[in-house]
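Since the structure comes first, as structure tokens, the remarks are kept for the end.
We did not get these values from a lab; they are worked out from the coordinates using the rules stated. Not measured: the values here are computed from a predicted model. Cβ atoms come from the backbone with ideal geometry, glycine included; neighbour counts cover every protein chain shown.
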Amino acid sequence: MHITSMHFFISDIHLMSGRKDDLERRDWFLRFLRYTFNNAKSLWIGGDLFDFWYEWKTVIPKVHFEILSEFKKMCDAGFPIHIMPGNHDFALHQFLQSQVGLILHSNPSTIIVDGLRIHWVHGDGVANSDRGYRVLKKVFASKWANFLFRWLHPDIGMKIALSASKSSRYKSENIGLPPDEEYLDYVDQILSSHQFDCVVMGHTHLPKIVQRPNGLYINTGDGIIERSYGVLNNGQWRLERFEYKEQLGPHSTQT
Ligand SMILES: [Mn+2]
């Protein structure tokens, strides 16, 4: 591993969402993970990595096998990967921590990285008018729905969840999200406590770094269209795009 001082922040990759580019996006992310392993000190995944995640008592979704196996390799080699749930993969539980080795955080969390105090949040439900789109979360809000879901055959459960996620996604993408000012209001409110240097968020799929009166707002964008991620290096933030070079083939090494 190289000597590096970079910390990578990414979110909203929505793996295996039933889109045409699912496999390409999965390979892009695998490539990104290898790049991260070789070039960064830690990785922070800020929600909606999986378009849907659920762990039954004895079953996990096999569509995510390649990603989990890459995570495991990195974790076994001592690379720290932090993750928090988003509104799609809100049901991340102990499996990822106990058997894969990821460090599971709650949404939101206070973290200290590179000497900065960071309010790390996925971003769902923080805007004033951000209601109604959380279809999946609503379904699972009731204990009964959760109980019934657990008793469904996982193949059927996954199918239902993905179609619900699809409808929520098409609503929330682009037009359905609250205006950016509402997210900035939230950011300013957090920063006005003077307890944080910055707010790091995802969810809107819009990568940006904005200087606010009391600190910095960083949005890591997404892994679907923007292919963006945030880099924290010696206390400085920047956004980068990770390029997928298809001609290298799905499993070759990123150079
Ligand atoms: Mn989201």
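Which shape class applies to region 185-236: rounded if a/c is under 1.5, otherwise prolate when a/b exceeds b/c and oblate if not, where a ≥ b ≥ c are the square roots of the Cα gyration tensor eigenvalues? Cα axes put region 185-236 in the oblate bin.
When Lys and Arg each count +1 and Asp and Glu each count -1, what net charge do the other residues less than 12 Å away from Leu92, Cβ to Cβ, add up to? Before the final figure, lay out each step's value.
Values: positive: none; negative: Asp48, Glu55, Asp89.
Combined, the nearby Lys, Arg, Asp and Glu give -3.
Here's how it looks for His205: its modeled amide H is under 5 Å from those of Gly221, which are all 5 or more places away or on a different chain.
Taking square-rooted eigenvalues a ≥ b ≥ c of the alpha carbon gyration tensor, is region 72-132 rounded, prolate or oblate, where a/c under 1.5 means rounded and, failing that, a/b exceeding b/c means prolate? Oblate.
Charged neighbours of Gly215, selected by a Cβ distance under 15 Å, balance to -1 (K, R count +1; D, E count -1). A P(r) calculated from all alpha carbon pairs of the chain, with 10 Å bins opening at zero, reads 7, 32, 37, 21, 4, 0 percent.
Only the Cβ atoms of Lys and Arg (+1) and of Asp and Glu (-1) were treated as charged; on that basis the dipole of the chain about its Cα centre amounts to roughly 600 debye.
Rounded, prolate or oblate: pick one for region 1-87, where a ≥ b ≥ c are the square roots of the eigenvalues of its C-alpha gyration tensor, a/c under 1.5 means rounded, and failing that, prolate if a/b is larger than b/c, else oblate. In terms of gyration-tensor shape, prolate. Rounded to the nearest 500, the 222 nm mean residue ellipticity of the chain from helices alone is -9500 deg cm²/dmol, with -39,500 (n - 2.57) taken per DSSP H run of at least 4 residues.
Lys and Arg at +1, Asp and Glu at -1: add these up for the other residues within a Cβ distance under 15 Å of Lys72 and post the number.
Values: positive: Arg34, Lys62, Lys73; negative: Glu66, Glu70, Asp76.
Combined, the nearby Lys, Arg, Asp and Glu give 0.
Long hydrophobic helices in the chain, taken as whole DSSP H segments with a C-alpha length of 18 Å or more on their own axis and mean Kyte-Doolittle hydropathy at least -1.0: 154-171.
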